[in-house]
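> Below you'll find the structure I mean.
The values are calculated or read from the model by the stated rules, or taken from the named source; none is laboratory data. Since we're looking at a predicted model, the values are computed, not measured. Note: ideal-geometry Cβ built from the backbone for every residue, glycine included; neighbour counts use all protein chains shown. Quick note on the areas: whole protein, heavy atoms, side chains included, nothing else; ligands and nucleic acids left out. Shrake-Rupley method; radii C 1.70, N 1.55, O 1.52, S 1.80 Å.
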Amino acid sequence: MRPLEIIIPILLTIYLIWSHPRPFGIRLLPTAALLITLIHFGVEGYRWQMIPIYVLTSLLEVRALLKIKSASDWKPLGSYLTVILLAISIALPILLPVPSIPAPNGPYKVGTTIYELTDSSRKELYSGKDEARRFQIQVWYPSEPGPADKRAQWMNHADVFSRSISTDLLHLPPFFLDHLALVKLPAYKDSKVATSNDSYPVILFSHGWKGFNAQNTGQALQLASHGYVVVGVQHTYGAIVTVFDDGTVARNNPSALPAGVPDDEYDVAAHKLANQWASDLSYALDFMAGQNADSGSRFFNSLNLLLVGVYGHSSGGGAAIQFCGIDPRCTALLGQDPFMRPVSVRIFESGVTQPSFFMFSQRWANDVNSLNNRMFKPFYANSKAALGAVFIEGTAHYDFSDLPLLSPLAPQLGLKGPINGKRVTTIVDDYLLSFFDMTLKGKNSDLFNSQNTKYAEVKSLH
C-alpha cells in the first residue's frame, strides 16, 4: 500500500477502537480520513481496490457530522463489526498493491524512451495482412534528467496491457489490474543521455511468449544504472498485446505458436517464430546503430556497438540463442529458462561461440526428462565458451520477471515459486550484471567459478 492508503485506515481504526465515549478530537478522525482521501485521489490516484475504504470513510464521516456535539456513540458491538469490515477492506489493497519496481543501485540515473520500427525488408507473418513487419522497442539508458523531466510509467498504454494480463495470463476479470496505470518507475521519460568519456555497451532483451518488453524492467533499470543501454524488443503478435502509435492494437496470435498440433507442425511454427524474433533483434540493433550515427539523436556517438549483449526469457531466450547464432555482432548471451524448441537445428547442433550463461528456475530444472532439458544438454555441451548453467532453488518460471510484484499471492497465481521475492531479485540481478560486466567490460567475477558459494540457492544444472 502507498503512504496515504496506509494513513486512511489507521485513522479509521483508531476512531473505531477508541473507548466510549470518544473525545471530540477522536470524533474528528473520520473528517481527517476524508480529507486525506481527497488528497490521495489527487496525489496517488484512485484505484478500485480501495473502494470499500472510500465508502467506509464517507459513512463514518456522515455519522460523525451528525453526532459531532454528542459524547454518546455506537454500541461496542457495532464498532467491532465495523472494525471487521475495515480489516476486510484493507485486505484488498494489500493483496493487490500498486507494484513498486525496485530502484537500481548503479551510479547513473535512468532514462527511457520508446520507438516504433518498421522493417520494410520483411513481411509481417502473423497479422493476416500484406504489410511490413512493425514492432516497438523500449530503451533504458544512463541519464541526466532535468528538473522538468517526469517519471515514466511501467507500461505504456497500461490500460490495455493490464486488461490483457488479467484476462489472457491470469484468467481474471479485465478490471483486476487496472491500477497498473498508477505505477511510476525510478526512470525518466525521454530524458537526456548521461555524458561519459566512454560509449555505452548495448544489451538487447527478448521477452517470452505472451510476454512484453517491459516485463523485466527491474533488470533493465539495474543494467542501465551501471552504464549499459538496454533495448527491450516487443515482438508483435507474440507479445501478449502491442499498442502502436496510431492506436492499432495487435493482440497475441495463438497460431504463431500453436498448441495441440503434431510435433513436426509445431516445430515448423516455432522455428519460424524464432527467426522472426531474432530478426527483430537484428533490426533493433540496426536502428540503434543509426541513432548512434545521427547527430540529431539523443544517442549520437554514445553507443559502443562492438560490445553487444543479449538476454531473453523463455521463448525470448530461444530467440536470443538464435540471434547469437546468426548475427556476428552478438558478443555475449544469457538465457533465463530458455525455450529450446524454436532454435534452429543448425544452431542446436553446433551451439554458440560467444561467452554464454544460462539460468533456470527450479520447476523447469526439476523436469529433467522434458524435451526442453533434453535439447538443452547437447546444445550446452557444444557451446564452447559457455560459462555455466545453473538453477535457483525455490523459483518458478516468472521469477525471472517483474510479474511476481503484482501481488503477495503471486505463488498462488502461478507467478512465482516459494523463494522470497527480494532474494531472487538480488540473485538474478547480481548474475545478470556480473555476467555482462565480465564479458562486455572485462571485469573479473567469482560468480561463475564452479566452486562459488555466494548464494546457497544457486545449484549447477549439470
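> In segment 11-51, which residue that is open to solvent by 80 Å² or more (accessible area, probe 1.4 Å) and outside any helix (DSSP H, G or I) is nearest to Leu96 (Cα to Cα)?
Once the filter is applied, the top-ranked residue is Tyr46.
The rows are residues; the columns are (1) touching a Ser or Thr at 6+ places or on another chain (Cβ under 9 Å); (2) among the hydrophobic types (A, V, I, L, M, F, W, C); (3) on the phi > 0 side of the Ramachandran plot; (4) not in a helix (DSSP H, G or I).
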site: Gly260; (1), (2), (3), (4): no, no, yes, yes
site: Val268; (1), (2), (3), (4): no, yes, no, no
site: Leu281; (1), (2), (3), (4): yes, yes, no, no
site: Gln291; (1), (2), (3), (4): yes, no, no, no
site: Phe300; (1), (2), (3), (4): no, yes, no, yes
site: Asn304; (1), (2), (3), (4): yes, no, no, yes
site: Leu307; (1), (2), (3), (4): yes, yes, no, yes
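> Oh, and also: Looking only at segment 433-460, count how many residues are among the charged types (D, E, K, R), assigned to a loop (DSSP other than H, G, I, E, B) and in contact with a strand residue (DSSP E or B) (Cβ under 7 Å, 6 or more places away or on another chain).
Total meeting the criteria: 1.
> While we're looking at this one, here's another question. If you take the residues in segment 164-175 that are in contact (Cβ under 8 Å) with a residue 24 or more places away in the chain and open to solvent by less than 50 Å² (accessible area, probe 1.4 Å), which one is nearest to the chain's Cα centre (by Cα)?
Going through the qualifying residues, I end up with Ile165.
> Sticking with this one: Please indicate, with yes or no, whether at least one residue in segment 218-235 is within 22 Å of Ser302 (Cβ to Cβ), in a strand (DSSP E or B), touching a Pro at 6+ places or on another chain (Cβ under 6 Å) and in contact (Cβ under 8 Å) with a residue 12 or more places away in the chain.
no
> Still on this structure, I have one more. Within segment 377-400, restricting attention to residues that are within 25 Å of the chain's Cα centre (by Cα) and among the hydrophobic types (A, V, I, L, M, F, W, C), which residue is most open to solvent (accessible area, probe 1.4 Å)?
Result: Phe391.
> Which one is surrounded by the fewest Cβ atoms within 10 Å (Cβ to Cβ) among residues in segment 81-120 that are in contact with a strand residue (DSSP E or B) (Cβ under 8 Å, 6 or more places away or on another chain) and free of Cβ contacts under 8 Å to residues at least 24 places away in the same chain?
Looking at the filtered set, the residue picked out is Ser120.
> If you check Glu131, Glu144, which single one turns out to be without any contact (Cβ under 8 Å) to a residue 40 or more places away in the chain and open to solvent by 30 Å² or more (accessible area, probe 1.4 Å)?
Criteria check complete, one pass: Glu131.
> Is it the case that Leu403 is touching a Pro at 6+ places or on another chain (Cβ under 7 Å) and either among the aliphatic types (A, V, I, L, M) or surrounded by 15 or more Cβ atoms within 10 Å (Cβ to Cβ) (or both)?
Spelling it out, it is not the case that Leu403 is touching a Pro at 6+ places or on another chain (Cβ under 7 Å) and either among the aliphatic types (A, V, I, L, M) or surrounded by 15 or more Cβ atoms within 10 Å (Cβ to Cβ) (or both).
> Just to check your reading of the model, which residue among Asn372, Asn366 is in contact with a helix residue (DSSP H, G or I) (Cβ under 8 Å, 6 or more places away or on another chain), more than 24 Å from Pro93 (Cβ to Cβ) and surrounded by fewer than 20 Cβ atoms within 10 Å (Cβ to Cβ)?
The match here is Asn372.
> Taking segment 52-72, which residues are among the charged types (D, E, K, R) and either open to solvent by 30 Å² or more (accessible area, probe 1.4 Å) or modelled with pLDDT under 50 (or both)?
The answer is Lys67, Lys69.
> Tally up the residues in segment 346-400 that are part of a helix (DSSP H, G or I), touching a residue at least 24 places away in the same chain (Cβ under 8 Å) and of a type in the set (Lys, Arg), please.
2
> Oh, and also: Identify, from the list Asp245, Asp264, the residue that is outside any strand (DSSP E or B) and within 17 Å of Gln136 (Cα to Cα).
Asp245
> Of the conditions (1) among the aromatic types (Phe, Trp, Tyr); (2) within 19 Å of Ser401 (Cβ to Cβ); (3) part of a loop (DSSP other than H, G, I, E, B), Trp140 satisfies every one except a single condition; which number is it?
(3)
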